[in-house]
1. Only residues that are in a loop (DSSP other than H, G, I, E, B) and either crowded, with 16+ Cβ neighbours inside 10 Å or touching a Gly at 6+ places or on another chain (Cβ under 6 Å) (or both): list them for region 315-332, please.
2. Quick check on my filter: what residues within region 280-292 are within 11 Å of Asp203 (Cα to Cα) and of a type outside the set (A, V, I, L, M)?
3. Spot the failing condition for Leu158; the list is (1) in contact with a Ser or Thr (Cβ under 7 Å, 6 or more places away or on another chain); (2) crowded, with 24+ Cβ neighbours inside 10 Å; (3) at pLDDT below 90; (4) in a helix (DSSP H, G or I), and only one is missed.
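The values are calculated or read from the model by the stated rules, or taken from the named source; none is laboratory data. In this text the structure is predicted, and so the values were computed from the model without any measurement. Quick reminder, even Gly has a Cβ in these numbers, built from the backbone with ideal geometry, and neighbours come from all protein chains shown.
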Amino acid sequence: MAETRVSDLPRRGFSVVSHRLRMGLKRVWVNSGQLVQIPIAATAAYAFCVYVLDHPYPFLAAVASAVGIGPVVDRRLRRALEIGIGATFGVLVGEILVNLYGSGIWQLALTLIIGLVIGTILNSGGIFITQIAVQSVYVVVVPASATTMPFPRTLDALTGSVCAILLALLIPRDARKVPRRLAADMLEEVDAVLRMMKRALRDADVTMAGRALERARETQDIIDSWGSSLRISREAAKINARARRHAAEVTRLSRAHTFSDRAMRTMRVIARRVVGVTELGVGKPVIADYVGSLADGAKKLEIALRRGTDRSLAEAALSEAAGTLDPRAKSDWDIHDESMVLLLRTVAVDLLQAAGLTRAEAQSRLPPLAEDADDDGGPVVE
């Protein structure tokens, strides 16, 4: 047994690396707009300070613009303002204090304390406070270049911040775009895990069962990113007139996020049971077909979420799959088989609710049980 596990290490390592690479490339694609904006804003701010303000080394202009934009799409206008103002104010505080008592070790400590206190008084945001502290320390530690203008580094930071804010204002953001893409990515993972479990159950494939469990466990980053993007989109829908018209779809995507998360949590439990079942070397073709039907419905829901189209096809496919989930369909099933089907019923209800049905409507798609048991009473928590 130990030799088998050791021999599986290269395969498992390759599986983890390939999954991480695939997720990383998706993040690059999702954040490509921001990644392009950062060098544009930083270069523009730096060039303005060099050629217009005649500053020889406007390092803080490029830094303030890059930090204000940020590498991910969640950093938009409000965060650009918070980071930009914090950076500019931090540089100003540092320059004032340097002009008052110079630079040195004790001056560094005193400047940092004063910067943190002032930042905390002005704003409770951690990013704002950190920017004031970091930039004020930079001003004390790094000597200023010779220039005839007062507070040159404050002007550099202000220029970079303005560039970041202008880009946030000029480049519109569709409040639905990122949540849609992350929603589709999550349902793609749901579909993939279900199909892997189907193959494992049909062929009693222990290796495939282990891969399904590993992949199910690695979906939390997508769920977290999806939730973060939805928070930003809901905020944008409240303060931005252009984004407000998308509020209804953002609400639907928020509902899909909640129930997709629940479905995946239950699927992790099922995947662990599939590993145990396949280790016995006995195939479960009927349950494998149940799992495959749910995968087909999840695939249709993925397509609908990615395109922002009607989810009726997904609802129909998931309803059809749910209608087959009878834990007493086979007389030779034991309690383990029945409990797995009961868990699949929970997944079906969650996916149907992600497709837009109410809880009562989703449960009505299931075949009735002989006993009045609330087997779909909520997500299974690991």
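1. Let us first name the residues in region 315-332 that are in a loop (DSSP other than H, G, I, E, B), namely 323-332.
Result: Thr324, Leu325, Asp326, Pro327.
2. Gly281, Gly283, Lys284, Pro285
3. Unmet condition: (2).
Condition check ((1) hydroxyl-bearing (Ser, Thr, Tyr); (2) crowded, with 21+ Cβ neighbours inside 10 Å; (3) modelled with pLDDT under 85; (4) farther than 30 Å from Arg268 by Cα) across all residues:
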{"site": "Thr219", "(1), (2), (3), (4)": "yes, yes, no, no"}
{"site": "Ile223", "(1), (2), (3), (4)": "no, no, no, no"}
{"site": "Ser229", "(1), (2), (3), (4)": "yes, yes, yes, no"}
{"site": "Ala237", "(1), (2), (3), (4)": "no, yes, yes, yes"}
{"site": "Arg244", "(1), (2), (3), (4)": "no, no, yes, yes"}
{"site": "Ala248", "(1), (2), (3), (4)": "no, no, yes, yes"}
{"site": "Leu253", "(1), (2), (3), (4)": "no, yes, no, no"}
{"site": "Ala256", "(1), (2), (3), (4)": "no, yes, no, no"}
